[in-house]
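The values are calculated or read from the model by the stated rules, or taken from the named source; none is laboratory data. All figures in this text were calculated on a predicted structure; none of them were measured in a lab. No Cβ is skipped: glycine too gets one built from the backbone with ideal geometry, and neighbour counts run over all protein chains shown.
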Amino acid sequence: MLNIDSQKKLPLPARALAILFVGVVFALLALFMPAEKADAGVGDGYVFPLPSKHEYGDGFGAGRGHDGQDLFAKCGRKLVAANQGKIQRSEMDGSGYGNIIVLDVKGTDVDLLYAHMKKREVKVGDKVNPGDKVGEVGDTGNASGCHLHFEMHSAPGFWEGGKPMRKVTKHLKEWDKTS
């Protein structure tokens, strides 16, 4: 059995080189393996999905496995397509999301989820453009008040096992400024 206490410590110059080496490895990993590959298609052509008075609520990681950003507004306010694409899902979801749509953004690996909708105005297969009405703010499913729960998912997509994108709030705030 190995006794850690009896091991000799590396001399200071060797420890410094080891630390430097580890730092270089992590820097190279960050350079060549971006955290969110789907970010490449997130800036172009997007509009804010809730073009009316709103407030930001819980964001990504706010307890209970929250994978998106909540945007509070009055029930019935118009929700629009944040970009051009095709509707993959339009249904009442039984897992707590309530009325949902999933938009597959054209030319990217990004899927957008709209949840807790009062009303869905698109069906599976519909093609939408930025600003097209897709539904209304609601409080369906496991919702505490009227709001849009908005998620972004990387490849292969929301239902296909893609990862929720941590930068959803950052992206929404950028689109909010320019819409």
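Taking first residues from the range 168-179 that are surrounded by 19 or more Cβ atoms within 10 Å (Cβ to Cβ) and partners that are among the acidic types (D, E), the Cβ contacts under 7 Å between residues at least 6 apart in sequence or on separate chains come to V168/E151. Just one of the numbered conditions (1) crowded, with 18+ Cβ neighbours inside 10 Å; (2) out of contact with any helix residue (DSSP H, G or I) (no Cβ under 9 Å at 6 or more places or on another chain); (3) part of a loop (DSSP other than H, G, I, E, B) is not true of I100: (3).
Screening the range 88-97 for residues that are touching a strand residue (DSSP E or B) at 6+ places or on another chain (Cβ under 6 Å) and touching a residue at least 40 places away in the same chain (Cβ under 8 Å) and picking the one that is surrounded by the fewest Cβ atoms within 10 Å (Cβ to Cβ) gives M92. In this structure, V42 qualifies as at negative phi, modelled with pLDDT under 90, crowded, with 18+ Cβ neighbours inside 10 Å and not polar (S, T, N, Q).
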